[in-house]
Amino acid sequence: MGAASLVFASFVVGATRKLSDAMEKAFRLTREMEYAHSIASHAAQTDELTGLKNRRAFFQQAKQTYEHCKRNRLPLSVLMLDIDHFKKVNDGHGHPMGDRVIKSLALFLKQRLRKTDYIGRYGGEEFAVVMPDTDLKSAYSVLDEIRRRFAEIHYPAQPVDLFCTFSAGVVELGEGDDALMMASQADEALYLAKKAGRNQVHTLREDIMLAKRHTPVDVV
Ligand code: GH3
Ligand code: MG
Ligand code: MG
């Protein structure tokens, strides 16, 4: 009887150890899968060149911000930026220089915008920005200052250094029925900035534009 108990006890100990090993392995595999999933999901939302949100991820977040600001009656501004004469940069200085300018503008925006603002790479040399809790006048001022400073950067090149500018459009909550519509209105304002001579920020509101007239400087 004593021997049988001993055999049974050692069987239980062995089985418990195997079960515990199997559970530990299962936990480890689950953690590894979660890690792999988070890497894949980050990659699916991120633009490879700039590390910014890609267009899809940007819009997912923009929709949420739009709903939040609308529900809580908070101001919200949406911006669209496009580098001026970018084809000339690629044609005159090569694609790697073009990439460098895109990366530089992405970093420049990241450093100068607030932590709560977010940026998406909307297309090749186009960026979209959401500024929660920011009205049109403030968004316009911030962006115009960024535009002015960005135009001062020079990229060493031959025979002369390269300077780049961007044009931008800004709209605020109310100028569009949803996030997508706001982006399309900001695009319309951007088009006005291009048409007016580039290297400038436009809104669809005359009063804001009249408050801060500036001379465009087409430097590329
Ligand atoms: P505009 O002032 O009217 O915006 O003129 P633009 O020359 O910038 O016009 P457009 O938007 O047509 O040109 C954009 C160019 O950007 C065309 C495309 O080859 C280039 N491009 C798109 N994506 C990339 C990229 O990732 N890297 C580089 N180097 N070039 C890109
Ligand atoms: Mg473009
Ligand atoms: Mg362009």
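For the set Asp117, Asp91, the ranking by accessible area, highest first and with no ligand, DNA or RNA atoms included, is Asp91, Asp117 under a 1.4 Å probe. Placing pseudo-labels 7 Å out from each Cα toward the beta carbon at Phe108 and His37 gives an inter-label distance of 4.0 nm. Sparse packing (at most 15 other Cβ atoms within 10 Å of the Cβ) combined with a DSSP loop state is found for the following GluC sites (Glu not before Pro) in the range 18-119: Glu48. Extension gain, Ala4-Asp21: 0.36 nm per intervening residue step, less the Cα-Cα distance, totals 3.5 nm. Averaging the Cα positions of each part gives two centres, and for the range 108-131 and the range 149-212 these lie 13 Å apart.
Solvent exposure of the chain, expressed per residue, is 59 Å² of accessible area, with all protein chains present and a 1.4 angstrom probe.
Here the range 1-131 was treated as a single set of alpha-carbon atoms; its pair distances binned every 5 Å from 0 give 2, 9, 13, 13, 11, 9, 8, 6, 5, 4, 4, 4, 4, 3, 3, 2, 1, 0, 0 percent. Give me the percent of Cα-Cα pairs in the chain that sit more than 30 Å apart, rounded to a whole number. Roughly 39 percent, rounded to a whole number. Along the chain, the exposed loop sites are trypsin sites (Lys or Arg not before Pro) outside DSSP states H, G, I, E and B with at most 16 other Cβ atoms within 10 Å, and the longest stretch free of them is 116-211. Counting 0.36 nm for each residue step from Gln61 to Arg28 and taking away their Cα separation leaves a gain of 8.7 nm.
By the rule of a C-alpha distance below 21 Å, with chain neighbours fewer than 8 residues away ignored, the lysines paired with Lys195 are Lys87, Lys88, Lys212. In loop segments of the range 114-215 as defined by DSSP, the GluC sites (Glu not before Pro) with at most 16 further C-beta atoms inside 10 Å of their C-beta are Glu152. Of the two radii for the range 1-45, the radius of gyration is 1.48 times the Kirkwood radius, both from the alpha carbons; that is the Rg over Rh value. Here the range 90-220 carries DSSP beta bridges of which approximately 65% are antiparallel, counting only pairs with both residues inside.
Rolling a 1.4 Å probe over the protein heavy atoms of the chain, with every protein chain left in place, gives an accessible area that is 57 percent carbon and sulfur.
The values are calculated or read from the model by the stated rules, or taken from the named source; none is laboratory data. Please read all numbers here as calculations on a predicted model, not as lab measurements. Ideal geometry is used to build each Cβ from the backbone, glycine not excepted, and the neighbour counts take in all protein chains shown. Accessible surface is based on the protein model in full, side chains and every heavy atom, while ligands, DNA and RNA are left aside. Shrake-Rupley method; radii C 1.70, N 1.55, O 1.52, S 1.80 Å.
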